[in-house]
Ligand code: HEM
């Protein structure tokens, strides 16, 4: 051990300790198997049967009535057992029913979630350490099914549930699942890179970073496959409404009342965070977003990419002169991941800093420059991923929002309309973010993690400790 590589031993997280697979990453697999396609036994049949007919019930305008008629079933170890898959399946079923209930189909949203769904949903979410609303885990991680025994690629994936019943929505989910599966190799590379830092092994570090770069490039290649089978009009008008939450929803200003969820249950962090009433507790939660993918967070943390709170932006026309409080959307999304997965992000953050290690290498040595180049290649790939993602958001959200007739008020110039859209009217993100400026900030912050090859080190005897997130950051919004 040399002082240059570390000043004290820190832990390198083991994937298996966090329920993460070396082949499927954050997607459930392994000894407990893939996600359950149905809860076992007859007890939960009423939930499953209603989910089976979700689209039909929504179209007939009957879903809400049917939810109100559900029996009050208990979600506990006595009914769900102790294995993770039953709890994950219960979360998927209940969060889909809740989401469909609240938004309906071309109906006004409903503010009160009946106790037959609200109470078990909160119980299940407490167990999984998730908020009681549909999330990336529900629509992606716990929702996939392999068509065959082959690896989880786009050619072998299917999803079990959608809200619209359409193929565009299925493809929207499938692309993310394929990204998660391909991301498994990136997670392995991150852990290998941390071990290489511990061992002060340049060769191992270069191997790990090369693998990481290739993986991130593959994620971007998968991302752009979105265009193949997800039509932007269908996505914007038929799919995206069901991804919405009720943290900043104009038509649900109080959030949603979780009927039967009472104050004492609120001690836990995942419980509705709003007003308590005799009927239940109000909660305000963001909707489902791939910003909740732990994979991207791990890559950011491993590369020393730091995301700052989003710069002040007005959140609605009426508040145009009163900027909103800055929010760190990306950090907040860690509350919307299964607890084990956000624990893993923390464990990577608390392990060695790959970036600090490379910055501490002796300057101008070919080996230092080589390691820096491998590292920067990874950062550049992450930046490319975010650039492609911004283009995609422009196609799927900004352009679609621009086409909506009600955006173009007479007398408002096209320029002002466009600016309004960009600043978060119809183009507001699922989680209520001011969309494009926020995404550009995240992309620019990614670039900030680049290490200069001319100033590879600050001092030859600098020690590498656990992560300090030393990257400088900008909130510039150049395109
Ligand atoms: C039609 C395709 C997509 C659209 C329209 C879209 C839209 C959005 C929007 C609106 C946001 C802002 C946050 C929010 O409020 O939700 C966001 C964030 C994000 N999305 Fe997507 N997204 C798409 C596909 C994906 C995919 C497939 C991934 C990768 C798994 C992804 C990864 C992310 C990440 C990591 C963020 C957080 C911001 C960042 O870290 O740069 N998105 N996306």
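None of the figures in this text is laboratory data; all of them are computed from the coordinates on show. The model shown is predicted, which means the values in this text are computed figures rather than measured ones. Here the Cβ positions follow ideal geometry from the backbone for every residue, glycine too, while neighbour counts run over all protein chains shown.
Find the Cα radius of gyration of region 202-266, compare it with 2.2 N^0.38 Å by division, and give the number to two decimals.
Against the empirical 2.2 N^0.38 Å value, I get 2.00 for region 202-266.
Given the Cα-Cα distance of residue 331 and residue 37 and 0.36 nm per residue of separation, how much length would full extension add, in nm?
102.7 nm is the gain from fully extending residue 331 to residue 37.
Between region 75-104 and region 121-152, what is the C-alpha centre distance in whole Å?
Spelled out, the Cα-based centre of one part sits 9 Å from the other.
When a/c reaches 1.5 or more, the comparison of a/b and b/c decides; with that in mind, is region 58-174 rounded, prolate or oblate per its Cα gyration tensor?
oblate
Using 7 Å Cα-to-Cβ label points, what is the residue 52/residue 365 separation (nm, one decimal)?
6.7
At 0.36 nm per residue, and after removing the present C-alpha to C-alpha distance, how many nm does the segment from residue 149 to residue 68 gain when stretched out fully?
Contour length minus Cα-Cα distance gives 25.2 nm.
Testing the spin-label approximation: label points 7 Å from Cα along Cα→Cβ at residue 158 and residue 224. State their distance in nm.
3.0
Test of understanding: what is the full-extension gain from residue 200 to residue 17, defined as 0.36 nm times their sequence separation minus their Cα-Cα distance?
Taking residue 200 through residue 17 to full extension adds about 63.4 nm, to one decimal.
Applying a 10 Å radius around every beta-carbon, put 48-60, 349-361 in order of their mean neighbour count, most first.
Ranked by mean Cβ neighbours within 10 Å, highest first: 349-361, 48-60.
By average Cβ neighbour count within 10 Å, what is the ranking of 92-105, 436-449 from highest down?
Result, highest mean first: 92-105, 436-449.
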